[in-house]
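The values are calculated or read from the model by the stated rules, or taken from the named source; none is laboratory data. Keep in mind it's a predicted model, so treat the numbers as computed, not measured. All Cβ positions, even for glycine, are placed from backbone atoms using ideal geometry, and neighbour counts span all protein chains on display. When the accessible area is computed, the model is the full protein with side chains, heavy atoms only, and any ligands, DNA or RNA have been set aside. Shrake-Rupley method; radii C 1.70, N 1.55, O 1.52, S 1.80 Å.
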Amino acid sequence: MGPETTAVLLTLLVVTALFVLIRRGWAGRLRRQAGLPAPPAPPAGLAERTPRLAVEGMYVSTTLQGAPLERVAAHGLGLRARAAVAVHDDGVLYTRDGEAPLFVPAAAVLGTGTASGMAGKFVERDGLVVLTWDLGGTPVDTGFRTRRAADRRRLLAALDALAPGLPA
């Protein structure tokens, strides 16, 4: 066996070990978060109603509030996907490619803001719109990156107007 073959085999071994460790870490996170309740289902017919605002972009992740690197793996909330977000009177609907829709009821909204990064996605200052909400007693942050920068302010305004008591 030549040095090239040894190098290739060693590289394959290291890459395989890394994938095994990543998978074990994700499985451990799922076990630790098994007690988190599933987000509520969207109300019947919500997707057909005209929203206050709808924008396209990227669903970045849902993390534990104030811990932008602590993904919520349970219920597929930690997986990045292309998405559209629609703000309705009832709440916020994230329609994610390849994942179940995520609905945040208006009553669960705790706050809004911006961030420059979350769970492996880092962008310019204030490039992510962050919705803080209550997931069955656990405050979480959901990050969304609008496709167009001009949509960021509009989305923040629509989210702020959604919940009473939040600054407009």
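Brief remarks follow.
- The chain - accessible surface per residue (Å², probe 1.4 Å): 56
- Label separation (residue 99 vs residue 6): 4.5 nm, computed from points 7 Å beyond Cα along the C-beta direction.
- Counting only protein heavy atoms and a probe of 1.4 Å, the accessible surface of the chain is 59% carbon and sulfur.
- Extending 7 Å from the Cα toward the beta-carbon at both residue 114 and residue 50 defines two label points whose distance is 2.9 nm.
- Judged by the gyration tensor of its Cα atoms, with axes a ≥ b ≥ c, region 65-137 is rounded; a/c sits under the 1.5 cut.
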